[in-house]
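Enquirer: I am attaching a structure below and will ask some questions about it afterwards.
The values are calculated or read from the model by the stated rules, or taken from the named source; none is laboratory data. All values derive from a computational prediction rather than experimental measurement. Virtual Cβ from ideal backbone geometry, glycine too; neighbours counted across all protein chains shown.
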Amino acid sequence: MKFLKTMAAACLLLAAGGVSAQAGTTFDAVKAKGFVQCGVNLGLYGFSSPDDKGNWSGLDVDACRAVAAAVFGDASKVKFTPLSAQQRLPALQSGEIDLLARNTTWTLSRDTANGLNFTVPNYYDGQGFMVPTKLKVKSAKELDGATICVLPGTTTEQNLSDWFRANKLTFKPVVIEKNEELAAAFFSGRCDAYSSDASQLAGIRANEAPKPEDYVILPDLISKEPLTPVVRHADDQWADIVRWSQFAMIAGEEKGITSKNVDQMLTSLDPEVKRILGVTPGNGKALGLDEKWAYSILKQVGNYGESFELNVGKSSKLKLDRGLNALYSNGGLMYSPPFK
Amino acid sequence: MRALLYSARFRGVIYQILVVSAVFALGWYLVNNTLTNLAARGIATGFDFLGREAGFDIGESPIAYSAADSYLTALTVGLLNTLEIAFIGIVLATVLGTVIGIARLSGNWLVARLATFYVEAVRNVPLLLQLFVWYGLVTSLPNPRQALNPLPGIFLSNRGLKIPVPEAHPIYAALLAALVAGLVVAWAVKRWAVARQERTGRPFPWGLTGTAVVLGLPLAVFLAAGAPFTLDMPELKGFNFSGGGTLSPEFAALLAGLTVYTAAFIAEIVRSGILAVPYGQTEAAMSLGLSRGKTLRLVILPQALRVIVPPLTSQYLNLTKNSSLAVAIGYPDLVSVANTTINQTGHAVEGVGIIMAVFLTISLALSFLMNWYNAKVALVTR
């Protein structure tokens, strides 16, 4: 199955050569076709999942919508391509999508050898473990000899091996490629632990566990997973637009600009707010966009804090803490460079 | 010149040259286009990544493997796992398929109907679905702490089947040598017996003698060495059993799925092969005074095999290729390991190339072997 898909992706790579060989023109191509083609997860609650009417929502989806708002002044001008972990990089490399916002970890090899450019993390995650409460395990260090369910096609397998090697422990992986099959194997007791990014564990526990209270997520995080939207190499203007669309959402939260009060904020006397919202022109021209680009993002998508609370925070099913994803002023890592 | 143009033979050659060059040009274009575009996008190509540290673990491996080994070793583990499941699957599917095929021809109404039901039910349900059912069955066994313990030392749980295995001892190498020696002797005896029967007409029970030699020699060596035998018993330790041999749930589910599915096709092939031999052959053999067993072995089967072997080959190839569905239920076969490799290194084209090359090689080797066997059982025409 996945073999076929990989094959198809490889063929696509072959075929796409003739069509979109030119680099550095994603922005022009996007403007010409009138929408942003955005690669997202097949279905990951809180990050990208379609509802019963086919409307996508989630933190990654908001990253895509922010880019559409910046480019077109309309956050709805975006089309989503659901991609598996294996398909995502070839889909971006081949030009099938313009932007990949699919809980993808920023790593050195992906940033270089794979011909990609990572923009700004929109979620700082870490790999953790979920275990049945009845095992009475308190820390990941007690998992010596355990069988661990893990998804392939991510950095997860490697993190797991690295961490167990570093701690001189052993484990046996059970690697199943589909989320649902893997979750079913874990909840039937095939594995002692399930390892994935902590945000995903929360989603799986909330949505797929027969009884969510029978499972705990261990406090240990064994890796750094800066989940980051990605674009192709050698396309600097497009990378800038994607990067600053994300910064606009963070800067909006820093300055207290929300989707509700953005129109009142247009009359603000704070020079930084004026520059963000395009009251003082310049930033839009520098990016090649309309001066209202950041206004459109904040008006239609909202600031980072709003997006977080709605999709993964306390008002969602996942109930994740802000943690590392709080603003720097609250002890987190979210920080926007100045809009000058 | 004109004469040359009108020569059908000459034009034939020209057409062939044109077709071949067109195929090569297309192939060259595809390869060149891929390489150019990969380079244009700054994507590294080549097979250097095979030497780098893999950094991921594999659930089961016939050879020693750790995350510190190279991608090449990891892929080798995947390949060996694929070969293991394919080999055992082919043997079991052949045995089960033959039994079911003969059962469909049985005079017993119930046996024949059951066999028909099996073939029709199994053949018409997609294999992937069957694999999920098998895997669901296997993983719904009790957990290790409540493992079923039908015999001392044997534990059945959702972590697989644990059995005691003999502990390693130098005597096993000697036993293997004795077994090989036994096989050689048995083969020599058969040659001699067949030659003598052709010369003098006197038969010799070479089957019985051969079996006795093959089994007897290793047994004699084992007893002579004082029968050293200790078992490595599985015991519950921490999360799981340690010691003993394991049949993992993934392996068991995949093996059961592939065997049961392919056996249904093999059953039909066996049935068609047997039905292809006219009943007159049986009657003729019996009127010559051959026993039932000899009729089957010397008259019916050699002729049936000629019909059976070619389609059987394609079933063997199918089983081998279907083993790549392993990714769906977590058996670490070649495709599964290659998938992880592709994702960690980003070398998608090379990785898929390796998968294709390996499956092509396995298939061609299997097909070569079966063609050789087919030529051997084919009717000798003089």
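Enquirer: Considering every residue within the stretch B:128-151, establish whether at least one is more than 14 Å from every other protein chain (Cβ to nearest Cβ) and of a type in the set (F, W, Y).
Expert: Within the stretch B:128-151, none of the residues are more than 14 Å from every other protein chain (Cβ to nearest Cβ) and of a type in the set (F, W, Y).
Enquirer: For residues that are of a type in the set (D, E) and modelled with pLDDT under 90, scanning just the stretch B:227-286, find the one that is surrounded by the fewest Cβ atoms within 10 Å (Cβ to Cβ).
Expert: The selected residue is B:E235.
Enquirer: Take the residues in the stretch B:353-382 that are over 17 Å from the mean Cα position of the chain (by Cα), in contact (Cβ under 8 Å) with a residue 12 or more places away in the chain and in a helix (DSSP H, G or I), then tell me which one is farthest from B:V77 (Cα to Cα).
Expert: B:V377
Enquirer: If you take the residues in the stretch B:229-238 that are within 33 Å of the chain's Cα centre (by Cα) and in a loop (DSSP other than H, G, I, E, B), which one is farthest from the other protein chains (Cβ to nearest Cβ)?
Expert: B:F229
Enquirer: Something else: Return the residue satisfying two criteria in turn: it lies in the stretch A:176-189 and is at the interface with chain B (Cβ under 7 Å from one of its Cβ atoms) and either in contact with a strand residue (DSSP E or B) (Cβ under 9 Å, 6 or more places away or on another chain) or touching a residue at least 24 places away in the same chain (Cβ under 8 Å) (or both), and of such residues it is surrounded by the fewest Cβ atoms within 10 Å (Cβ to Cβ).
Expert: A:G189
Enquirer: Right, here's the next one. Before we move on, is A:Q200 at the interface with chain B (Cβ under 9 Å from one of its Cβ atoms) and either in contact with a Cys (Cβ under 7 Å, 6 or more places away or on another chain) or modelled with pLDDT under 90 (or both)?
Expert: Considered against the rule, which asks whether it is at the interface with chain B (Cβ under 9 Å from one of its Cβ atoms) and either in contact with a Cys (Cβ under 7 Å, 6 or more places away or on another chain) or modelled with pLDDT under 90 (or both), A:Q200 comes out as no.
Yes/no per residue for (1) in the same structural domain as B:A252 (by TED's automatic domain parsing); (2) more than 27 Å from the chain's Cα centre (by Cα):
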| position | (1), (2) |
| --- | --- |
| B:Y135 | yes, no |
| B:N143 | yes, yes |
| B:A147 | yes, yes |
| B:P152 | yes, yes |
| B:S157 | yes, no |
| B:L161 | yes, no |
| B:A178 | no, no |
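Enquirer: Looking only at the stretch A:288-317, count how many residues are crowded, with 19+ Cβ neighbours inside 10 Å and part of a loop (DSSP other than H, G, I, E, B).
Expert: 7
Enquirer: From B:L35, B:L18, which residue is outside the structural domain of B:E84 (by TED's automatic domain parsing), within 24 Å of B:A338 (Cα to Cα) and part of a helix (DSSP H, G or I)?
Expert: Step by step, each of B:L35, B:L18 is checked, and only B:L35 is outside the structural domain of B:E84 (by TED's automatic domain parsing), within 24 Å of B:A338 (Cα to Cα) and part of a helix (DSSP H, G or I).
Enquirer: For the stretch A:87-142, which positions are of a type outside the set (D, E, K, R), part of a loop (DSSP other than H, G, I, E, B) and closer than 15 Å to A:V216 by Cα?
Expert: A:V137, A:S139
Enquirer: Looking only at residues in the stretch A:84-115 that are surrounded by 24 or more Cβ atoms within 10 Å (Cβ to Cβ) and among the aliphatic types (A, V, I, L, M), which one is modelled with the lowest pLDDT?
Expert: A:L89
Enquirer: Determine, yes or no, whether B:T320 is under 20 Å from B:A267 (Cα atoms), among the β-branched types (V, I, T) and within 14 Å of another protein chain (Cβ to nearest Cβ).
Expert: Considered against the rule, which asks whether it is under 20 Å from B:A267 (Cα atoms), among the β-branched types (V, I, T) and within 14 Å of another protein chain (Cβ to nearest Cβ), B:T320 comes out as yes.
Enquirer: Okay, moving on. Any chance the stretch B:10-31 includes a residue that's over 30 Å from A:A166 (Cα atoms), in contact with a Gly (Cβ under 7 Å, 6 or more places away or on another chain) and either facing another protein chain (nearest Cβ under 9 Å) or touching a residue at least 40 places away in the same chain (Cβ under 8 Å) (or both)?
Expert: Among the residues of the stretch B:10-31, not one is over 30 Å from A:A166 (Cα atoms), in contact with a Gly (Cβ under 7 Å, 6 or more places away or on another chain) and either facing another protein chain (nearest Cβ under 9 Å) or touching a residue at least 40 places away in the same chain (Cβ under 8 Å) (or both), which makes the answer no.
Enquirer: On the given criteria, is A:V131 more than 23 Å from the chain's Cα centre (by Cα), buried (at least 24 other Cβ atoms within 10 Å of the Cβ) and at the interface with chain B (Cβ under 9 Å from one of its Cβ atoms)?
Expert: Spelling it out, it is not the case that A:V131 is more than 23 Å from the chain's Cα centre (by Cα), buried (at least 24 other Cβ atoms within 10 Å of the Cβ) and at the interface with chain B (Cβ under 9 Å from one of its Cβ atoms).
Enquirer: Something else now. Scan the stretch B:198-228 for residues that are under 14 Å from B:L179 (Cβ atoms) and under 29 Å from the mean Cα position of the chain (by Cα) and jot them down.
Expert: Within the stretch B:198-228, B:G210, B:T211, B:A212, B:V213, B:V214, B:L215, B:G216, B:L217, B:P218, B:L219 meet the criteria.
Enquirer: Within the set of pairs 6 or more residues apart or between chains, which connect a residue that is on the phi > 0 side of the Ramachandran plot inside the stretch A:277-300 to a residue that is acidic (D, E) with Cβ atoms less than 7 Å apart?
Expert: From residues that are on the phi > 0 side of the Ramachandran plot, the pairs are A:G278/A:E291.
Enquirer: Quick one: in the stretch A:150-175, of everything that is touching a residue at least 12 places away in the same chain (Cβ under 8 Å) and more than 23 Å from A:T107 (Cα to Cα), which residue is farthest from the other protein chains (Cβ to nearest Cβ)?
Expert: So, considering only residues that are touching a residue at least 12 places away in the same chain (Cβ under 8 Å) and more than 23 Å from A:T107 (Cα to Cα), the one farthest from the other protein chains (Cβ to nearest Cβ) is A:L169.
Enquirer: I would also like to ask the following. If I go through the stretch B:147-163 residue by residue, how many of them are in a loop (DSSP other than H, G, I, E, B) and either free of Cβ contacts under 8 Å to residues at least 12 places away in the same chain or over 17 Å from B:P249 (Cα atoms) (or both)?
Expert: Summing the residues that are in a loop (DSSP other than H, G, I, E, B) and either free of Cβ contacts under 8 Å to residues at least 12 places away in the same chain or over 17 Å from B:P249 (Cα atoms) (or both) in the stretch B:147-163 gives 2.
Enquirer: Looking at B:I58, B:I63, which is the one that is within 11 Å of another protein chain (Cβ to nearest Cβ), among the hydrophobic types (A, V, I, L, M, F, W, C) and not in a helix (DSSP H, G or I)?
Expert: The match here is B:I58.
Enquirer: Need pairs with beta-carbon distance below 6 Å; first residue assigned by TED's automatic domain parsing to the domain that holds B:Y135 and within the stretch B:326-340, second assigned to a loop (DSSP other than H, G, I, E, B) and among the charged types (D, E, K, R); sequence gap 6+ or separate chains.
Expert: B:A326/B:D333; B:V327/A:E177
Enquirer: Just to be sure before I move on: is B:Y65 at pLDDT 85 or above, outside the structural domain of B:N343 (by TED's automatic domain parsing) and surrounded by 13 or more Cβ atoms within 10 Å (Cβ to Cβ) in the structure I sent?
Expert: Criteria met by B:Y65.
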